[in-house]
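Worksheet: one structure, shown below.
The values are calculated or read from the model by the stated rules, or taken from the named source; none is laboratory data. Fair warning: this is a prediction, and the values are worked out from it, not measured in the lab. Don't worry about glycine lacking a Cβ; one is built from the backbone with ideal geometry, like all the others, and counts go over all protein chains shown.
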Amino acid sequence: MVVNEGLTIGALAACTGLEVSAIRYYEAQGLIKPWRNAGGQRRFARADLRRLSFVMIAQSLGHSLPEIRTLLEALPKGRTPTKSDWTRLSGAFRETLDARIATLTRLRDNLDGCIGCGCLSLDACALYNPQDRAAKSGQGPRYLMEDRP
């Protein structure tokens, strides 16, 4: 499974639970960068296990592949990322997560009162948004998009 020159694509699939085709897709997206051995087979660094785990977690939290690629580009090239490298990366990731958590919290707390102040004209909105004041801030559900009533 593990070869001195790195992990085979099959070993990487077995360790991550991803299909080989998914690993090839992530490679094509620039999220991992294997090399070829003398026989032309892909070989992956052990660090790619963490990269792919990060990709799977980030995707499950709603991040797009371009966003994930941007985050991963902050990792060092030419050496295995250290714990401090991953800590630095998670700091940027944490900011995005905090913003999403805040948005979801606002949605949860305000959804029952008014689902679209600024874009929908519900009778109940007169309580939260008299004369549709939120519409002056722009389109969409303004109070759920960080505007305050």
Item checked: Enumeration of residues in the stretch 14-39 that are in contact with a helix residue (DSSP H, G or I) (Cβ under 7 Å, 6 or more places away or on another chain), among the small types (Gly, Ala, Ser) and surrounded by 15 or more Cβ atoms within 10 Å (Cβ to Cβ) -> none
Check: PHE54 is checked against (1) touching a Phe, Trp or Tyr at 6+ places or on another chain (Cβ under 7 Å); (2) closer than 28 Å to THR96 by Cα and fails just one. What number does that condition carry?
Finding: (1)
Margin query: surrounded by 14 or more Cβ atoms within 10 Å (Cβ to Cβ), touching an Asp or Glu at 6+ places or on another chain (Cβ under 8 Å), at pLDDT 75 or above and not aromatic (Phe, Trp, Tyr): is that true of THR96 in this structure?
Written below: yes
Note to self: Consider the stretch 65-89. How many of its residues are touching a Phe, Trp or Tyr at 6+ places or on another chain (Cβ under 9 Å), assigned to a helix (DSSP H, G or I) and without any contact (Cβ under 8 Å) to a residue 40 or more places away in the chain?
What the structure shows: 5
Checklist line | Residue pairs meeting the criteria (Cβ under 8 Å; at least 6 apart or on separate chains; first in the same structural domain as ALA74 (by TED's automatic domain parsing), in the stretch 19-35; second part of a helix (DSSP H, G or I) and of a type in the set (Phe, Trp, Tyr)) | finding: ILE32/TYR26
Notebook entry, point to check: Hey, GLY62 hits all of (1) exposed (fewer than 13 other Cβ atoms within 10 Å of the Cβ); (2) in contact (Cβ under 8 Å) with a residue 12 or more places away in the chain; (3) farther than 23 Å from THR103 by Cβ but one; which does it fall short on?
Noted result: (3)
